[in-house]
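Input: one structure, supplied below.
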Amino acid sequence: MTIEFPIAATQTERLLNLNRPYYEPTGQEIDLYQAAYEHQIPVLLKGPTGCGKTRFIHFMAWKLKRPLVTVNCHDHLTASDLVGRHITQHDQTVWIDGPLAHAVRIGAICYLDEVVEPRKDTTLLIHSLTDDRRTLSIEKRGEVLHAPIDFHLTVSYTLDDQGSHKVLRQSTRQRFIAIELDYPNEHLESKIIKKESGASDKTIAQLITLAQLTRQLPPQTLEASASTRLLVHAAKLIHRGMAPRQACHSAIAQVLTDEASLRNRLDELIASVFKNP
């Protein structure tokens, strides 16, 4: 669990801007999310890996001036992990809130990243928070938490290049509005890489060309193509002085696949873009 608190609204505008997370919108996602927040409608974010889903929610927490509680979901996540449990402490049994219960109590934005990973019986837990009840039942304590108006639930999952993903049941999906994010267009992606890495315009243009080549590979070739995140990583290595081909091999080819033949193919694409080693 990660808990982050945006700075207080009473601080100066200058300090607010200094702490503003960097995010470049690719569509109407900011307006959509703000409207959903104001009307207490949960949000489902979906899109390819590295397209900015997590960065977006950090930005919205800053914009809305709400604490952010992040849960990285996995297939062993249980209801107790989310709600809380009794533990023994100094020879006494005490209750410790889980991240979801904590977020409800403080009126935070709770972000469940990769919500399709846990067992379905775990995700059923959020249903009462996503309808008119806006409650969370803590059965082990005989307690029902009523979410304050500032509480908001956001979940996400990743779409791979074939559009496949674990299934989120319809009874859960239809409790949200969905915002699909994607990789930015060439101009915006250049701007993001420049801001994040400080790399030269020539290097950035070459990296974007390389990314487009991986994104144009036939379906089923790679599980995922080169994301904006990977381009930023490669740009930082090159800006640091590493040879472009080696930087791209480590930041892109080695990351995208362990299969030697595919990695060699990616290295060939890298060499075709970066003519000099």
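The values are calculated or read from the model by the stated rules, or taken from the named source; none is laboratory data. As the structure is a computational prediction, the values presented were derived from the model and not from experiment. Note that we place each Cβ from the backbone using ideal geometry, even for glycine, and neighbour counts take in every protein chain shown.
Among the residues of the stretch 24-77, write down those that are on the phi > 0 side of the Ramachandran plot and not in a loop (DSSP other than H, G, I, E, B).
Passing the criteria: only Gly47.
State which residue is modelled with the highest pLDDT when the search covers only the stretch 168-209 and only residues that are closer than 19 Å to Ile126 by Cα and small (Gly, Ala, Ser).
Within the stretch 168-209, the match that is modelled with the highest pLDDT is Ala178.
For the stretch 155-188, how many residues meet the condition of being under 17 Å from the mean Cα position of the chain (by Cα) and closer than 14 Å to Gly52 by Cβ?
Of the residues in that region, 9 qualify.
Follow-up. Could you check, for the stretch 195-209, whether at least one of its residues is in the same structural domain as Glu24 (by TED's automatic domain parsing), touching a Lys or Arg at 6+ places or on another chain (Cβ under 7 Å) and not small (Gly, Ala, Ser)?
No, the stretch 195-209 contains no residue that is in the same structural domain as Glu24 (by TED's automatic domain parsing), touching a Lys or Arg at 6+ places or on another chain (Cβ under 7 Å) and not small (Gly, Ala, Ser).
Step by step: first the residues of the stretch 223-236, then only those that are closer than 21 Å to Arg265 by Cβ and free of Cβ contacts under 8 Å to residues at least 60 places away in the same chain, then the one that is surrounded by the most Cβ atoms within 10 Å (Cβ to Cβ). Which residue is that?
Residue satisfying both the conditions and the ranking: Ala234.
Also, quick follow-up: Based on what the data block shows, is Ser80 touching a residue at least 12 places away in the same chain (Cβ under 8 Å), farther than 30 Å from Ala224 by Cβ and hydroxyl-bearing (Ser, Thr, Tyr)? It would help to see each step written out before you state the result.
Working: touching a residue at least 12 places away in the same chain (Cβ under 8 Å): yes; farther than 30 Å from Ala224 by Cβ: yes; hydroxyl-bearing (Ser, Thr, Tyr): yes.
When the stated conditions are applied, Ser80 passes them.
When you scan the stretch 29-49, how many residues do you find that are of a type outside the set (A, V, I, L, M) and loosely packed, with under 15 Cβ neighbours inside 10 Å? Outline the logic, then answer.
Step one: list which residues in the stretch 29-49 are of a type outside the set (A, V, I, L, M), which gives 29, 31, 33-34, 37-40, 42, 46-49.
Now restrict to residues that are loosely packed, with under 15 Cβ neighbours inside 10 Å: 31, 34, 38-39.
Summing the residues that are of a type outside the set (A, V, I, L, M) and loosely packed, with under 15 Cβ neighbours inside 10 Å in the stretch 29-49 gives 4.
Condition check: hydroxyl-bearing (Ser, Thr, Tyr), farther than 20 Å from Tyr23 by Cβ and under 21 Å from the mean Cα position of the chain (by Cα). Does Ser200 satisfy that?
Details: hydroxyl-bearing (Ser, Thr, Tyr): yes; farther than 20 Å from Tyr23 by Cβ: yes; under 21 Å from the mean Cα position of the chain (by Cα): no.
The answer is no for Ser200.
Let me ask something else about it. Note down all Cβ pairs under 7 Å where the first residue falls in the stretch 171-200 and is more than 26 Å from Ile41 (Cβ to Cβ), the second is of a type in the set (Val, Ile, Thr) and assigned to a loop (DSSP other than H, G, I, E, B), and they're at least six residues apart or on different chains.
Leu188/Thr26
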